[in-house]
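Notes follow once the structure below has been shown.
The values are calculated or read from the model by the stated rules, or taken from the named source; none is laboratory data. Not measured: the values here are computed from a predicted model. Using ideal geometry, Cβ is built from the backbone for each residue, glycine included, and neighbour counts are taken over all protein chains shown.
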Amino acid sequence: MGVETAEGLIFRTKERVLAMSSPRPADAKKALKEEMVWLLDHNWPEPVVPAPPMVVLMVGVNGAGKTTTIGKLAHLYRKGGKRVMLAAADTFRAAAVEQLQAWGRRSDAEVIAHRPGADPGAVAFDTVQAGRSRGVDVVLIDTAGRLQTKVNLMEEIKKVRRVIQRVDPTAPHEVYLVMDATTGQNGLSQAHHFTEAVDVSGVILTKLDGTAKGGIALAIAEKLALPVVYVGTGETIDDLVAFDPAAYVDALIA
């Protein structure tokens, strides 16, 4: 979670313990967990969607599990009775379109795709436009993985965002940064650069079924005021759940 965030939590926990009349070790642990939950559990605003569909732009670095997460998120929306459309705007990675189409079939979501190597902005534009004309509730836009330090790639994703706004000036209504839970302090850099480029509104932590604890979520919440919205807990289509700060902290500090 980083030195600064950890030191801040320790300092605030010490203050609370010193204010107690006869504190015990269990009281310190409880105070620390409450501080962590407070850091993660702000009242984040709901997206404003003047007219459907709600457009969600999915971004992240290579290998974070973005396309898989889109499939799981589509399934989650479908279970809630929403009609979902997916944009295969990762047009450069080999088999990325086919992977998204497979997830579309599994989640019962329509997929809009162009030929391999097509302009990602054109795919996003066509999907949002199709979503509006066909009465879709949610459009999820896949994008190519990119390192946050690659300026030309970050400019490309800015372009995708601008193209979407030609169809709907209020879109995207959510921008989710998909982040591997094994990511350490580089995660803070990812969140910072992607937020600067496309105004990230939330983080999805993947691969929390392993040994990773995803502590960087605390630093992101503190320094960038970004919420964790979902967590990936496995490889099946149902292994994506809404983030629960209390449950997360209980798992982090047993």
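Side notes on the structure shown:
- Of all the residues in segment 48-61, those that are over 22 Å from residue 238 (Cα atoms) and over 14 Å from the mean Cα position of the chain (by Cα) number 6.
- Residue that is surrounded by 15 or more Cβ atoms within 10 Å (Cβ to Cβ), over 23 Å from residue 33 (Cα atoms) and either in the same structural domain as residue 136 (by TED's automatic domain parsing) or touching a Cys at 6+ places or on another chain (Cβ under 7 Å) (or both), where the choices are 172, 245, 227: 172
- Test: residue in segment 170-178 that is in contact (Cβ under 8 Å) with a residue 60 or more places away in the chain, touching a Gly at 6+ places or on another chain (Cβ under 7 Å) and among the polar types (S, T, N, Q): no
- Residue 64 surrounded by fewer than 15 Cβ atoms within 10 Å (Cβ to Cβ) and either assigned by TED's automatic domain parsing to the domain that holds residue 161 or in a loop (DSSP other than H, G, I, E, B) (or both): no
- Residue within segment 195-209 that is among the polar types (S, T, N, Q), surrounded by 17 or more Cβ atoms within 10 Å (Cβ to Cβ), outside any strand (DSSP E or B) and touching a residue at least 40 places away in the same chain (Cβ under 8 Å) present: yes
- Among the residues of segment 83-103, those that are surrounded by 22 or more Cβ atoms within 10 Å (Cβ to Cβ) and closer than 21 Å to residue 134 by Cα comprise 84, 85, 86, 87, 88, 89, 100, 103.
- So residue 184, is it over 21 Å from residue 103 (Cα atoms) and touching a strand residue (DSSP E or B) at 6+ places or on another chain (Cβ under 6 Å): no
- Residue selected from segment 179-194 under the condition free of Cβ contacts under 8 Å to residues at least 60 places away in the same chain and assigned to a helix (DSSP H, G or I), by the criterion farthest from residue 123 (Cα to Cα): 186
- Any hit, segment 128-140, residues being over 16 Å from residue 55 (Cβ atoms), acidic (Asp, Glu) and crowded, with 16+ Cβ neighbours inside 10 Å: no
For every residue, the table says whether it meets (1) in contact (Cβ under 8 Å) with a residue 40 or more places away in the chain; (2) among the charged types (D, E, K, R); (3) more than 22 Å from residue 199 (Cα to Cα).
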position	(1), (2), (3)
58	yes, no, no
93	yes, yes, yes
98	no, yes, yes
117	no, no, yes
127	yes, no, no
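- Every test in (1) closer than 15 Å to residue 69 by Cβ; (2) without any contact (Cβ under 8 Å) to a residue 40 or more places away in the chain is passed by residue 81 save one, and that test is (1).
- For residue 71: the one exception among (1) modelled with pLDDT of 90 or more; (2) farther than 29 Å from residue 234 by Cβ: (2)
- Of everything listed in (1) assigned by TED's automatic domain parsing to the domain that holds residue 199; (2) within 24 Å of residue 221 (Cα to Cα), the single unmet condition for residue 113 is (2).
- Residues of segment 210-254 that turn out to be within 17 Å of residue 58 (Cα to Cα), aliphatic (A, V, I, L, M) and not in a loop (DSSP other than H, G, I, E, B), as a count: 6
- Applying the condition of being among the basic types (Lys, Arg) and in a loop (DSSP other than H, G, I, E, B) to segment 74-109 and asking which residue is modelled with the lowest pLDDT yields 93.
- Residues in segment 125-155 that are at pLDDT 95 or above and closer than 26 Å to residue 180 by Cα: 138, 139, 140, 141.
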